[in-house]
1. Which condition breaks for ASN87 when tested against (1) open to solvent by 70 Å² or more (accessible area, probe 1.4 Å); (2) out of contact with any Asp or Glu (no Cβ under 8 Å at 6 or more places or on another chain)?
2. Out of ILE50, ILE101, I need the residue that is in contact with a strand residue (DSSP E or B) (Cβ under 9 Å, 6 or more places away or on another chain), open to solvent by less than 70 Å² (accessible area, probe 1.4 Å) and not in a helix (DSSP H, G or I). Which one?
3. Among residues belonging to the range 62-78 that are among the charged types (D, E, K, R) and outside any helix (DSSP H, G or I), point out the one that is farthest from ARG100 (Cα to Cα).
4. So THR122 ticks every box in (1) under 21 Å from TYR19 (Cβ atoms); (2) touching a helix residue (DSSP H, G or I) at 6+ places or on another chain (Cβ under 8 Å); (3) open to solvent by 70 Å² or more (accessible area, probe 1.4 Å) but one. Which box is left unticked?
5. Give the range 9-39 a look and list any residue that's surrounded by fewer than 18 Cβ atoms within 10 Å (Cβ to Cβ) and within 21 Å of THR84 (Cβ to Cβ), or say none.
6. Given the criterion among the small types (Gly, Ala, Ser) and more than 21 Å from ASP99 (Cβ to Cβ), identify the matching residue among ALA42, ALA54, ALA36.
Amino acid sequence: RERWEAKKQVGQVIIMEEYLQSLRNSLDADDDGNYASIIEAAKNARLLFIDDLAAETQTGWVHERTFDLINHRYNDPKLETIITVNNDKMNKLDRTVQDRIQSDRDGTVKLFDLGGMTSSRTGNRYS
């Protein structure tokens, strides 16, 4: 729980699958306070790095949690977000989430294609 406490932090890193699992675990434990603190910490970190977005199975619940997080950050220009997502998984995301991620309304969105590079962790090539 302490890991996700909403603190005055400059930034936070979340691996999307782990973030969602933490939310599920707090729901299973019937711990509404922890559930809310996990969401608030991610929503309001000045800088949020979301790793491996769309790697998880895309259920309705996952779509709702993902949209809620991305849309909140999209609508607050003081919050900066860095997102990694594999190109082959991007189309699994809800269209509205895709639009929010790729919107360049203020000229600050930068998309990088890592196609052809090799993962140092897995040795697999990015497509």
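1. (2)
2. Working: ILE101 fails: not in a helix (DSSP H, G or I).
Answer to the selection: ILE50.
3. As a first pass, look at the range 62-78 and keep what is among the charged types (D, E, K, R): 64-65, 68, 73, 76, 78.
Pick out the ones that are also outside any helix (DSSP H, G or I) and you get 76, 78.
On the way: ASP76: 12, LYS78: 16 Å.
Once the filter is applied, the top-ranked residue is LYS78.
4. For THR122, the exception is condition (2).
5. Hits for the range 9-39 are GLN9, VAL10, GLY11, VAL13, ILE15, GLU17, GLU18, GLN21.
6. Answer to the selection: ALA36.
The values are calculated or read from the model by the stated rules, or taken from the named source; none is laboratory data. For clarity, every value in this text was computed on a predicted model and none was experimentally measured. Methodologically, a virtual Cβ is constructed for each residue, glycine included, from the backbone with ideal geometry; neighbour enumeration extends over all protein chains shown. Keep in mind that these areas ignore ligands, DNA and RNA; they rest on the heavy atoms of the full protein, side chains included. Shrake-Rupley method; radii C 1.70, N 1.55, O 1.52, S 1.80 Å.
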